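So the structure is just underneath, and the comments pick up after that.
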Amino acid sequence: MKSAVEQKILALNGDEAVAYAVKQSDVDVVAAYPITPQTIIVERFSEYVANGEVETAFVCTESEHSALTACLAASLAGARTFTASASAGLALMHEILFVTSGCRAPVVMAIANRALSAPINIHGDQSDTMAQRDSGWIQIYAENAQEVYDSIIQAFRIAEHPDVLLPTIVGLDGFTLSHSVENVNALPDEEVKKFVGTRRFPNALTHEGKTAPLKLDPDYPMTLGPLAFPNYYFEFKRQQEEAMKNALSVIKQVHDEYARISGRRYGDGLLEPYKLEDAEIAIVCVGSTAGTVKTVIDDLRTEGVKAGLLRIRTFRPLPVQGIREALEHVKAVAVMDRSMSFGGQGGAVFHEVRHALYDSSKHPLTVNYIYGLGGRDTSPSQIREIYTDLQEIVKKNRVEEPVKYVGLRE
């Protein structure tokens, strides 16, 4: 797909790609606390602030809990806000994650995915964001630095859409993406600013009976995030679920509009299939691993193996119908999880995919492969072994071990 505008090629690692996208997105407030492997994001952005390249209020807080709290308050006052974190920092935000989504504050946050302690590990897996999958945040995962850049820009439009108004996480695998330099095609500043536009506010009825934009304003007093007793709380939560459903179409719409400008597509914005149309066996994964899987698929195709891939780009809201339609013709599916759900008989992505396939008219044989915890490398040869396992599962027409581990000493 051809770009509608001229772009410049920059050599950026994933963290720098985030910072550059935020720089172009006309953000009002950034509040942050450093943590590896996210630190480069806020360091680089602080340089933009110090150099006068942006008109952004940069707030250095004493913790990640405070950083998200500052973003929440600024967002409720009408500001476009951004923060970034990882691992234990995201875990420390846990309480405020729920408050932010419950207040319908469209904060955008980049997470350089990293393992959770103990023992201490600073390297990449997806345990941190998968642990927050029920916090009411949209979750988008990128495959490479280019998609990191593109996804951050899209995230502001998605989060702030009046039919959504939900905070949004963009995940990038720690070190694999956060610290690896790649070519990134960057849009002109004016094109990004025009794409994200100015924040729009739906109207709300105040306690004084006045109609006013939904934000904190002394001229139109209203309460956001109030105490809700049992006779009201349930309805607030149901509204969040409806907003998540709305986000499915909004994500696709924003993705398509961005593709017309940039010339870049990631499936339909929710799911990205690769050589899946006639595939008999397939892998489902999230994040940067998809790049390795695609290379293995290309090799297997030359050998006559009908292998395919379904990359889940948007994990929340989960595109259930899309997963079902994409995989119903496949004979066997391997779901790869870069996190563990202890005692849960498989990882989070496996649970979600099997749930999506349950009501399908056809049930592919489905097996879980847990891999790459704590940043452990997963090689093309190990991916190839997964496809070999799938061929055996098809031959036997049964899954003997529903949960397997890749590259693990046992």
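Annotations
- Hey, residue 98 in the same structural domain as residue 145 (by TED's automatic domain parsing), under 19 Å from the mean Cα position of the chain (by Cα), under 24 Å from residue 13 (Cβ atoms) and of a type in the set (Phe, Trp, Tyr) or not: no
- Answer residue from the stretch 281-317, given it is under 16 Å from residue 383 (Cα atoms) and among the charged types (D, E, K, R) and is nearest to the chain's Cα centre (by Cα) among those: 311
- Subset of the stretch 375-404 (residues that are of a type in the set (Ser, Thr, Tyr) and surrounded by 15 or more Cβ atoms within 10 Å (Cβ to Cβ)): 378, 387
- For the stretch 158-180, the condition of being more than 30 Å from residue 220 (Cα to Cα), free of Cβ contacts under 8 Å to residues at least 40 places away in the same chain and surrounded by fewer than 18 Cβ atoms within 10 Å (Cβ to Cβ) holds for none of the residues.
- Matching residues, the stretch 216-244, being free of Cβ contacts under 8 Å to residues at least 24 places away in the same chain, part of a loop (DSSP other than H, G, I, E, B) and surrounded by 11 or more Cβ atoms within 10 Å (Cβ to Cβ): 220, 221, 222, 228
- Hey, residue 59 β-branched (Val, Ile, Thr) and free of Cβ contacts under 8 Å to residues at least 40 places away in the same chain or not: yes
- Residue in the stretch 249-256 that is of a type in the set (D, E, K, R) and assigned to a helix (DSSP H, G or I) present: yes
- Selection status of residue 213, on the phi < 0 side of the Ramachandran plot and either in contact with a Gly (Cβ under 7 Å, 6 or more places away or on another chain) or surrounded by 13 or more Cβ atoms within 10 Å (Cβ to Cβ) (or both): yes
To keep it simple, each residue is scored yes or no on (1) buried (at least 20 other Cβ atoms within 10 Å of the Cβ); (2) in contact with a strand residue (DSSP E or B) (Cβ under 8 Å, 6 or more places away or on another chain); (3) on the phi > 0 side of the Ramachandran plot; (4) of a type in the set (Phe, Trp, Tyr).
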position	(1), (2), (3), (4)
270	yes, yes, no, no
275	no, yes, yes, no
282	yes, yes, no, no
290	yes, yes, no, no
297	yes, yes, no, no
304	no, no, yes, no
307	yes, yes, no, no
313	yes, yes, no, no
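Rundown of residues vs (1) in contact (Cβ under 8 Å) with a residue 60 or more places away in the chain; (2) in contact with a strand residue (DSSP E or B) (Cβ under 6 Å, 6 or more places away or on another chain); (3) of a type in the set (Gly, Ala, Ser), yes/no style:
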residue	(1), (2), (3)
64	no, yes, no
71	no, yes, no
74	no, yes, yes
80	yes, no, no
91	no, no, yes
110	yes, yes, yes
122	yes, no, no
126	yes, yes, no
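- Residue in the stretch 201-210 that is nearest to residue 102 (Cα to Cα), counting only those that are out of contact with any Phe, Trp or Tyr (no Cβ under 9 Å at 6 or more places or on another chain) and exposed (fewer than 10 other Cβ atoms within 10 Å of the Cβ): 207
The values are calculated or read from the model by the stated rules, or taken from the named source; none is laboratory data. Please read all numbers here as calculations on a predicted model, not as lab measurements. When we count neighbours, we look across all protein chains shown, and the Cβ atoms used for this are built from the backbone with ideal geometry, even at glycine.
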